[in-house]
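The values are calculated or read from the model by the stated rules, or taken from the named source; none is laboratory data. Values in this document were obtained by computation on a predicted structure and should not be read as measured data. So basically every Cβ, Gly included, is an ideal-geometry build from the backbone, and we count neighbours across all protein chains shown. Side chains included, ligands, DNA and RNA excluded: accessible areas come from the protein's heavy atoms. Shrake-Rupley method; radii C 1.70, N 1.55, O 1.52, S 1.80 Å.
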Amino acid sequence: MSETVDSAEVKSPSYELSKFRLKRILTNNSVRKSISLLGTFPDLGTDDAIVVFEKNAYRESDVATASSEESPKKPSYFTSDLKVDTEFINNIYGSFQVVPTRDLCSVKSTVIYPATEKHIEKYSVSQKYLIRETPDLYQRITLPYLTSSQFSLEWVYNILEHKQEKERIVYEDKDPKTGFILLPDLKWDGRNVETLYLLAIVHKRDIKSLRDLNESHLDLLRNLRQSSKDAIFKLYGINPNQLRMYFHYQPSFYHLHVHINPVRNDAPGIWCEKSHMLDTVINNLELMPDYYQKATLPFVLYEGNKLLDLYEHELPIRALTVASGDKEHPDTDSLGAGPQEGFSDDEPEERQCKRIKLATPEPKESESAVQACA
Ligand code: M7G
């Protein structure tokens, strides 16, 4: 708990958002009220930049009224500053467009600059496929890929070394084996406890993901679970039994971290095909020390990701299929046994993909920019 760290601050560039020049829209999610944009900052150079705008969730204090027990603490919708345009009133129904005070109009914005091809893929709408990754497939396909091609962990090390986001740290246990840093996730607007989203990043640097976890990490995981709950209760007053704590598989960043948010909030990236509850992970390791070295772990790959092409080499993934036998292909049943009418493996890949897109439009929910971010 007493390790010293090099805490020389890293200087960040300053962005003038108003100078952003749009190239194209990557996603526009009407459910999450977010939009991801690809463009450039001409004054910074010609590199691609991604800008994400997301409307903030409501805080309960935003709707306080003068007749509430407590008089409204500004800013609130219900003040004389509210501008109201009536669209129509029909019988008992009224429809209005309202513009609240400036303080309530802010939009959360995330900038990635310079953005790599991999970032652009991640923030774009695309077809998604489920892979059932056996330990063998992990060793042969996923691991070599992620070792040679992954997002930089610079931002993680900056946090662990107190070079960035130091003032945002909520809690730190400096033990090199069982310690971690708890801080707000990039996705959280930091204003609304309802949508609290924290990240617990472990100090140990040799655990890439869930796959690497074994019995020897139980002390770390138990400590992270308990200390995070205590710290969150102390700081935000959230009942520890109301917290969702989970890993992503595959994560975007291969340095072990846990996502934490309140169960009553449907945070981005909580889908079952991506999340593994910390409680379940701990329990699996208690029952079987090498569970994650033996388990088949499903995960999602999206069109445009090179790993999908590597898997496609091994298994038919994109081709639409009829029901197949678990017996013959125990690890690839969902990936199919043969082509359906109109689709054949001989068809040029590009055409096949286009036809599948037309046949199965992506549901709205999965357009999420923040989920893409997730
Ligand atoms: P992940 O499971 O590896 O990836 O989680 P994904 O959820 O993006 O698919 C990484 C988490 O780190 C995400 O929830 C990000 O929002 C968060 N994150 C990413 N970056 C680059 C930063 C950062 O610079 N600071 C903070 N505080 N969080 C970040």
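Here are the numbers:
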{"read-out": "Considering residues of segment 146-175 that are open to solvent by 70 Å² or more (accessible area, probe 1.4 Å) and under 18 Å from Y113 (Cβ atoms) only, the residue modelled with the lowest pLDDT", "value": "S152"}
{"read-out": "Single unsatisfied condition, V51 versus (1) more than 16 Å from the ligand (Cβ to nearest atom); (2) within 21 Å of D185 (Cα to Cα)", "value": "(1)"}
{"read-out": "Pair list, Cβ under 7 Å, 6 or more apart: segment 246-265 residue under 16 Å from L153 (Cα atoms) and among the β-branched types (V, I, T), other residue at pLDDT 95 or above and surrounded by fewer than 20 Cβ atoms within 10 Å (Cβ to Cβ)", "value": "none"}
{"read-out": "Residue among E167, E194, E172 that alone is of a type in the set (D, E, K, R), within 13 Å of the ligand (Cβ to nearest atom) and not in a loop (DSSP other than H, G, I, E, B)", "value": "E167"}
{"read-out": "Answer residue from segment 176-187, given it is open to solvent by less than 20 Å² (accessible area, probe 1.4 Å) and within 12 Å of the ligand (Cβ to nearest atom) and is nearest to K204 (Cα to Cα) among those", "value": "I181"}
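Quick grid of which residues meet (1) open to solvent by less than 50 Å² (accessible area, probe 1.4 Å); (2) under 13 Å from the mean Cα position of the chain (by Cα):
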| site | (1), (2) |
| --- | --- |
| S216 | no, no |
| P240 | yes, no |
| P251 | yes, yes |
| H257 | yes, yes |
| I260 | yes, yes |
| D266 | no, yes |
| K274 | yes, yes |
| P289 | no, no |
